[in-house]
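Novice: Sharing a structure here in structure tokens format.
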Amino acid sequence: MSLKFLAEADRPREKFLQKGKNSLTDSELLAIIMGSGNREESVLELARKILASVNNNWHQLSLLSVKDLMKFKGIGEAKAISIITALEIGRRRAGQDIQERSVIGNSHDAYSILKNQLADLRTEAFWAIFLNNSNKVIHTSQLTQGGISQSIVDVRVLFRTAIEHFSTGVIIAHNHPSGSLKPSKEDINITQKIKEAGKVLSIQLLDHIIITQHSYFSFSDAGLL
């Protein structure tokens with residue numbers, strides 16, 4: 001059934017204007033992003049089908065690629081890109097909101113800053129948080145991205161960035177797309193290498209955090225620093 005046959009109050013765009021954005025269901029929000037359905041399904045029906053395929057979970061939907069979305073009839077490349085773009089905007093907004101908490105007091109504070117950058121990635125990436133003497137965040141940056149072997153950070157790049165921002169402390173983090181929270185031998189080795197290099201420059205490695213989609217592991221909390 002086409003949207004034009006629905007009551008005006010039930011059309012997502014009209015509902016948005018009349019009742020506000022908070023009145024919209026997840027499927028109505030997705031329907032607005034997509035704009036249209038296919039010959040057999042209205043845009044709302046198609047939105048419900050797509051969300052049902054990921055258990056109505058936005059985080060799971062964000063893992064789908066353009067090709068994954070194009071498997072649904074009525075989703076072409078342009079619509080798939082629109083969906084992924086909207087989810088990416090949401091991820092970046094969440095990251096900006098979190099970074100307003102500029103003082104890091106524990107591992108969970110650091111995790112909260114970086115989880116939106118790392119939790120949903122399918123390949124490993126390496127990030128760092130740079131802090132001053134008061135544990136206030138000066139700068140955050142991605143240092144590497146790619147496959148498992150490519151995600152190992154160049155220690156020189158890490159400390160060059162720290163020096164450029166007059167940082168006295170650094171927290172490093174990377175993700176495990178496999179979902180495992182257990183540090184690998186490479187994780188342990190690079191942690192020790194960065195810790196020792198930091199001593200020479202009087203820049204303390206405060207923590208190394210491994211992030212998965214649902215949780216994290218802290219080297220500091222585990223007594224491995």
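The values are calculated or read from the model by the stated rules, or taken from the named source; none is laboratory data. None of the values given here were measured: they were computed from a predicted structure. Ideal geometry is used to build each Cβ from the backbone, glycine not excepted, and the neighbour counts take in all protein chains shown. Note: areas computed on protein heavy atoms with side chains; ligands, DNA, RNA excluded. Shrake-Rupley method; radii C 1.70, N 1.55, O 1.52, S 1.80 Å.
Novice: Go through the residues of the range 174-193 one by one and say whether even a single one is of a type in the set (A, V, I, L, M, F, W, C), modelled with pLDDT under 90 and open to solvent by less than 50 Å² (accessible area, probe 1.4 Å).
Specialist: Pass one, the range 174-193, residues of a type in the set (A, V, I, L, M, F, W, C): 181, 188, 190.
Retained after the next criterion (residues that are modelled with pLDDT under 90): none.
No, the range 174-193 contains no residue that is of a type in the set (A, V, I, L, M, F, W, C), modelled with pLDDT under 90 and open to solvent by less than 50 Å² (accessible area, probe 1.4 Å).
Novice: Quick one: is LEU63 open to solvent by less than 60 Å² (accessible area, probe 1.4 Å), within 21 Å of PRO177 (Cα to Cα) and touching a residue at least 24 places away in the same chain (Cβ under 8 Å)?
Specialist: Criteria met by LEU63.
Novice: In the range 66-113, how many are exposed (fewer than 15 other Cβ atoms within 10 Å of the Cβ), under 12 Å from the mean Cα position of the chain (by Cα) and modelled with pLDDT of 90 or more?
Specialist: 2
Novice: List every residue pair whose Cβ atoms lie under 6 Å apart, where the two residues are 6 or more positions apart in sequence or sit on different chains, the first residue falls within the range 70-81 and is in contact (Cβ under 8 Å) with a residue 24 or more places away in the chain, and the second residue, located anywhere, is crowded, with 19+ Cβ neighbours inside 10 Å and of a type in the set (A, V, I, L, M).
Specialist: PHE72/ILE50; GLY74/LEU46; ILE75/LEU69; LYS79/MET34
Novice: Also: Kindly evaluate GLY198 against the criterion of being assigned by the TED database to the domain that holds SER112 and open to solvent by less than 10 Å² (accessible area, probe 1.4 Å).
Specialist: yes
Novice: Could you check ARG122 against (1) free of Cβ contacts under 8 Å to residues at least 40 places away in the same chain; (2) under 21 Å from HIS59 (Cα atoms); (3) open to solvent by 60 Å² or more (accessible area, probe 1.4 Å) and say which number it fails?
Specialist: (1) is the only condition that ARG122 fails.
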